[in-house]
Amino acid sequence: MRHFIFLGALLAAPLSPALAQSTVVLVEPYQAAVEDKANIEKRELPALKSKELELGNVFKGQEEELSKTEATYHDKVKARDDIIASWDNNPQRKWFEAQCANRVVEGEQYRTCKALQETLQGKKNTLEVEKKRLEGEATQASKRHNELLPLVQESRNDLVLNRARQQKLRNWVSQLDARILAVKQLIISQCTSVPANASYEEIKHKCGNIQIDGARFRQVVPPCETERCKEFDRRF
C-alpha cells in the first residue's frame with residue numbers, strides 16, 4: 001500500500017487528522033516546499049536586503065542634505081543679520097549722524113561730512129548687495145529643505161516596508177521549517193523502521209511505502225469513514 005503526503009495542505013493550515021483515509025495520506029511533495037524555502041532564502045531575501053542597502057544610502061544622503069540645507073539657511077540668515085548689525089554699530093555712521101545729519105554745516109566740516117557721507121554710502125551699497133545675496137541663498141536653502149522633507153519621509157516609509165517584508169518572509173520560512181518537520185515526524189510515525197533523524201532520502205527509500213517525489217494533489221480526499229481512518233483521527 002502506498003502513502004501520499006499532501007504537503008501543500010499542511011503548509012497552508014495546521015496538521016489535520018482528517019487528511020487520512022485508511023492508510024492513505026495525500027501530501028504535496030517535500031521538494032516543492034524546499035524550492036519555496038530556497039527561493040525565499042536565496043533570491044527574495046537577498047534581493048530585499050540589497051534593496052534595503054540601496055534605500056538606506058538614498059535615505060542617508062537625503063537626511064544629510066536636509067541637515068546641510070537647514071544649517072545653510074541659518075548661517076545665511078545670521079550672516080545677513082551680522083551685516084545689518086555692523087551697519088547699525090558702525091562708528092563712522094554714528095559720528096556722521098551726530099555731527100552732520102540734519103544739520104547745517106559749513107567750511108571744513110561740510111567737506112568732512114560730505115566725504116564721510118560718500119564713504120558711508122559706498123559701504124552701505126556694498127552691504128546691501130551682500131545682504132540680498134545672503135537672503136537669496138537662505139531662500140534657496142529653505143526651498144530645497146521643504147522639497148526634501150517629503151522625499152525623506154517617502155524613503156523612510158520604503159525602508160520600513162522593506163524591512164517588514166523581510167521579517168514576514170523570515171517568519172514564513174520558520175513556519176515552513178516547523179511544518180515540514182511535522183510532516184517528516186508524521187511519516188516516521190507511520191514507518192517505525194525509520195530512525196527519527198533519518199533524511200528524506202532515507203525515509204523515501206527505506207520506508208518502502210512512501211512516495212514523495214512527483215506526488216501532486218489531484219483528487220478530492222475521500223471521507224474519513226473506515227475504522228483505521230477514524231482511529232487515526234482519534235490518535236492525532
Cα-centred dipole magnitude for the range 29-214, charges only on beta-carbon of K, R (+1) and D, E (-1), debye, nearest 20: 120
In terms of the charge dipole of the range 42-192, which places +1 on Lys and Arg and -1 on Asp and Glu at the beta carbon, the residue among 69, 162, 175 farthest towards the positive end is 175
Which of 145, 74 has the fewest other C-beta atoms within 10 Å, and how do the rest follow up to the most? 74, 145
At a Förster distance of 25 Å, what's the computed FRET efficiency of residue 119 paired with residue 75, Cβ-Cβ distance as r, to 0.05? 0.30
First measure r as the distance between the Cβ atoms of residue 38 and residue 65, then evaluate 1/(1 + (r/R0)^6) with R0 = 45 Å and state the FRET efficiency to the nearest 0.05. 0.65
For the range 141-176 and the range 69-100, write down the distance between their C-alpha centroids in whole Å. 45
Placing +1 on the Cβ of each Lys and Arg and -1 on the Cβ of each Asp and Glu in the range 29-214, which of 189, 39, 149 has its Cα farthest towards the positive end of the resulting dipole? 189
Whole-number Å³ per residue for the convex hull built on Cα positions in the range 29-214: 135
So for each of 99-105, 78-84 I average, over its residues, the number of other beta carbons within 10 Å; can you give me the resulting order with the highest mean first? 78-84, 99-105
Note: the range 106-168 at 10 °C, 1.306 mPa s; Kirkwood Rh on alpha carbon pairs; Stokes-Einstein D in µm²/s works out to 96
Note the full-extension length gain between residue 199 and residue 97 as 0.36 nm times their separation in residues minus their Cα-Cα distance, in nm to one decimal. 26.8 nm
Give me the dipole magnitude in Debye, nearest 20, for the range 68-178 about the Cα centre, with unit charges on the beta carbon: positive for Lys and Arg, negative for Asp and Glu. 280
As a footprinting exposure proxy, order 168, 123 by other Cβ within 10 Å, with the fewest listed first. 168, 123
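The numbers here are math on the coordinates, done by the rules we state, and not lab data. In this text the structure is predicted, and so the values were computed from the model without any measurement. So basically every Cβ, Gly included, is an ideal-geometry build from the backbone, and we count neighbours across all protein chains shown.
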